[in-house]
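Below: one structure, written as C-alpha cells.
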Amino acid sequence: MEDVYKRLPAEEARDLGLEIQSFKKSQAFVNAFLRRSMPDLRKTTPEECLERKAVVLGRIRKKKQRKRSKSKGLTAKERRDMKLFEIKPEQQKYSMFLPLHDLWKQYIRDLCNGLRPDTHPQMVQSKLLKADLHGALVMVYKSKCPSYVGITGIILQETKHIFKIITEEDKLKVIPKLNCVFRVEIDGFITNIYGSKLQMRASERSAKKFKTKGSLDL
C-alpha cells in the first residue's frame with residue numbers, strides 16, 4: 001500500500017516537468033481516483049481493496065448481440081394480389097421483346113461454347129434443358145390439345161407448370177408444359193423438348209441431372 005502513495009524522486013519529477021505535491025495531497029488524489037474507478041469501494045477502504053491479488057478498475061459490459069431478423073419474402077398469394085408479374089396490355093408487344101431474344105441467343109452460344117456445325121445435337125439439348133428459357137423463341141410442335149399446336153412466340157414468363165409467350169400478333173398465350181412438345185431453333189440447330197421434363201422452376205432445373213431416356217410420343 002505504501003508503494004501507491006510513494007512520491008516520485010525529485011530528479012525524475014524535474015526531468016518530466018512535474019510538480020511534486022505533498023504526501024497528503026498525493027494520498028487524497030489516489031483515494032479519489034480509486035473511488036471513481038472501483039465501483040465496490042463504497043463497502044470497504046482503498047487499503048483493503050489493494051491487498052487483494054486482482055483489482056477491478058471497472059466493469060466490462062458485454063454488448064448484446066442483436067439477432068438479425070431474416071427478411072421474410074412475399075408469399076405467392078401476396079405476389080398475385082400485388083400483381084407483380086402481370087404483363088399490362090400496353091406492354092404486350094412482340095417487338096419490345098426482340099432484344100431479349102437476341103440476348104438469350106448469345107447466352108445459349110456462350111453456354112454451349114459456340115454453336116459450330118460439328119456440335120453434337122444431344123449436347124445442345126442437354127444444355128437447353130438446364131438453361132433459363134426466358135427470351136427463347138419456341139413453337140408448340142406437338143400437343144394433346146390441338147389448339148396449342150403451331151403457337152410460336154418468345155417466352156416471357158415461366159412457372160413450374162406453364163409458359164407465358166408473346167406471339168408476333170402481340171397476343172399473350174399461356175401454354176401448359178405437360179402434354180406438349182416445344183421446338184427450339186437456334187443457329188440451325190433444331191431441338192424438340194418434352195414439356196414434362198421442364199415441370200419445375202428454372203432455378204431448380206439448372207441443378208437437376210436429367211436421365212437420358214427415350215420419351216414416349218404424344
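Values quoted throughout were computed directly from the atomic coordinates according to the rules given, and no laboratory measurement underlies them. Keep in mind the model is a prediction, meaning the values are calculated, not measured. No Cβ is skipped: glycine too gets one built from the backbone with ideal geometry, and neighbour counts run over all protein chains shown.
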With a Förster radius of 25 Å, plug the Cβ-Cβ distance of ARG80 and MET139 into 1/(1 + (r/R0)^6) and report the FRET value to the nearest 0.05. 0.30
Exposure proxy check on CYS145, CYS180: fewest-to-most Cβ neighbours within 10 Å is CYS145, CYS180
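For GLN199 and LYS93, what is the calculated FRET efficiency with R₀ set at 35 Å and r taken between the beta-carbons, to the nearest 0.05?
Efficiency computed from Cβ-Cβ geometry: 0.75.
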Taking θ = phi - 60°, what integer Hz values does the Karplus form 6.51 cos²θ - 1.76 cosθ + 1.60 yield along region 159-169, in sequence order, with x for Gly and Pro? 10, 5, 10, 9, 10, 10, 10, 10, 8, 5, 8
Give me the percent relative contact order of region 126-202, please, defined on Cα pairs under 8 angstrom at least 6 residues apart. 29
By count of other Cβ within 10 Å, fewest leading, how are ILE165, ILE108 ordered? ILE108, ILE165
Above-threshold pairs, the threshold being 20 Å between Cα atoms, out of LYS144/LYS164; LYS105/LYS164; LYS93/LYS130: LYS93/LYS130
What's the exposure ranking of ASP118, ASP81, going from fewest to most Cβ atoms within 10 Å? ASP118, ASP81
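Tally Lys/Arg at +1 and Asp/Glu at -1 over every other residue whose Cβ is under 13 Å from the Cβ of CYS112; what's the total?
+2
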